[in-house]
Amino acid sequence: MAAELHVICLCAQWCGSCRDWRPVIHALSQAHPQHQWRWLDIEDEAAALGDLDVETLPSVLVARGEHVLFYGPVLPRAELLERLLQTLQEPGQRPAAVEPEVLALWQRLRAG
């Protein structure tokens, strides 16, 4: 069995799409408790972001162990994120090519 996925939702309270996304994420976290879920408000937790400039909200970071498997914007639709998570759990998935700031964010969150 593959190690659990960590799903970090980067959002902001002022963002309407993010507000729509929050109940979707809550429902997915209930449906998929084998994964670790985190809501990260980019303003309330700005220090965690370091030098990462989040350009599109909502964005999602998915990681396993020390590796980031996905980072990018995701439409606030449960079926899209579920399909992404299913794909990332398939054998042979490799780390994503992400900017150093994204990897640094994951390292800070993982240590934290």
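The values are calculated or read from the model by the stated rules, or taken from the named source; none is laboratory data. Note that the coordinates shown come from a computational prediction; the quantities given were computed from them, not determined experimentally. Cβ coordinates were reconstructed from backbone atoms using ideal geometry, including for glycine residues, and neighbour counts include every protein chain displayed.
At a glance:
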| item | result |
| --- | --- |
| Any chance Asp53 is loosely packed, with under 11 Cβ neighbours inside 10 Å, at negative phi and either touching a residue at least 12 places away in the same chain (Cβ under 8 Å) or of a type in the set (Ser, Thr, Tyr) (or both) | yes |
| Residue that is farthest from the chain's Cα centre (by Cα), among those in the stretch 47-69 that are farther than 13 Å from Arg110 by Cβ and charged (D, E, K, R) | Asp51 |
| Search result, residues across the stretch 92-112 that are touching a residue at least 12 places away in the same chain (Cβ under 8 Å) and part of a helix (DSSP H, G or I) | Glu101, Val102, Leu103, Ala104, Leu105, Trp106, Gln107, Arg108, Leu109, Arg110 |
| When residues of the stretch 58-79 are limited to those that are modelled with pLDDT of 95 or more and aliphatic (A, V, I, L, M), the one farthest from Gln93 (Cα to Cα) | Val60 |
| Selection within the stretch 1-24 - β-branched (Val, Ile, Thr) and either touching a Ser or Thr at 6+ places or on another chain (Cβ under 9 Å) or modelled with pLDDT of 95 or more (or both) | Val7, Ile8 |
| Failed item, numbered, when Cys18 is tested on (1) touching a helix residue (DSSP H, G or I) at 6+ places or on another chain (Cβ under 9 Å); (2) crowded, with 19+ Cβ neighbours inside 10 Å | (1) |
| Evaluation of Ala78 against (1) touching a strand residue (DSSP E or B) at 6+ places or on another chain (Cβ under 8 Å); (2) surrounded by 14 or more Cβ atoms within 10 Å (Cβ to Cβ) (one fails), failing number | (1) |
| Qualifying residue in the stretch 74-91 (condition: hydrophobic (A, V, I, L, M, F, W, C) and in a strand (DSSP E or B)) | no |
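So that you can scan it fast, the table gives a plain yes or no per residue for (1) part of a loop (DSSP other than H, G, I, E, B); (2) among the acidic types (Asp, Glu):
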site: Glu4; (1), (2): yes, yes
site: Gln13; (1), (2): yes, no
site: Thr56; (1), (2): yes, no
site: Val60; (1), (2): no, no
